[in-house]
Amino acid sequence: MQKTDVENYIEDEFQFLENEYEFKRIHSKKIDGGFEFLYLNKTTGVCITYEFREGYLFILLYRLLNGELKRNPIRVTSETELTGFGLDDIISLHSPEAIVKPIYTYGEKSEYYTEKDGLRRYFKLFADNLKKYGTDILAGKFDDFAGAEKIVKARILER
């Protein structure tokens, strides 16, 4: 089966995970309403999900437990031990203005809507953010997780 542009763009833009951080792609699969890519190395998991409806690339970073990925539960309380956090929460600790918005917020005249390579440019923003703000996590240093956990749990308390 031939790969879609979305699959090719994600593979290309996130190839650095394999080349620079010894990640292995565990799967790339079509899911309801999008695609999911999962990469693991010895310490870290990276789950990249593109949702067509949202027009957004979600990147979750996980600390592996005994070499295995344990996803966060759906219901999170203040007592829940979290093993993964969104890249946006990590970025918000350092430079909130760098968070990439859903593609539709940039408007149809933006460079991300060009037929030739707009979507690739959009995905590159996320890859660049991961390179800039996720370097420590990709290398197995999870200091930013404590700050991200405070953000996530504060958001839960607001609800």
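The values are calculated or read from the model by the stated rules, or taken from the named source; none is laboratory data. The structure presented is a predicted model; accordingly, all values stated were derived computationally and were not measured. Note that each Cβ is placed from the backbone with ideal geometry, even for glycine, and that neighbours are counted across all protein chains shown.
Close contacts from region 136-159, counting a first residue that is in contact (Cβ under 8 Å) with a residue 12 or more places away in the chain and farther than 19 Å from Glu18 by Cα and a second that is hydrophobic (A, V, I, L, M, F, W, C) and in a helix (DSSP H, G or I), with Cβ to Cβ under 7 Å and a gap of 6+ residues or different chains, come to Asp144/Ile90; Asp144/Leu93; Asp144/Ile137; Gly147/Leu93; Ala148/Ile90; Ala148/Leu93. One residue stands out among those in region 107-135 that are free of Cβ contacts under 8 Å to residues at least 40 places away in the same chain and of a type in the set (Phe, Trp, Tyr): the one that is nearest to Tyr62 (Cα to Cα), which is Tyr112.
Among the residues making up region 4-18, those that are β-branched (Val, Ile, Thr) and under 17 Å from Phe58 (Cα atoms) are Val6, Ile10. When every residue of region 122-134 is checked against the conditions, none turns out to be closer than 20 Å to Tyr39 by Cβ, crowded, with 17+ Cβ neighbours inside 10 Å, of a type in the set (Ser, Thr, Tyr) and out of contact with any helix residue (DSSP H, G or I) (no Cβ under 8 Å at 6 or more places or on another chain).
Restricting the first member to region 89-106 and to residues that are under 24 Å from Phe52 (Cβ atoms), and the second to residues that are modelled with pLDDT under 95 and exposed (fewer than 13 other Cβ atoms within 10 Å of the Cβ), the beta-carbon pairs closer than 9 Å and six or more apart or on different chains are Asp89/Arg155. Please verify whether Glu7 is in contact with a Ser or Thr (Cβ under 7 Å, 6 or more places away or on another chain) and assigned to a helix (DSSP H, G or I), treating the condition exactly as stated. Yes: the conditions hold for Glu7.
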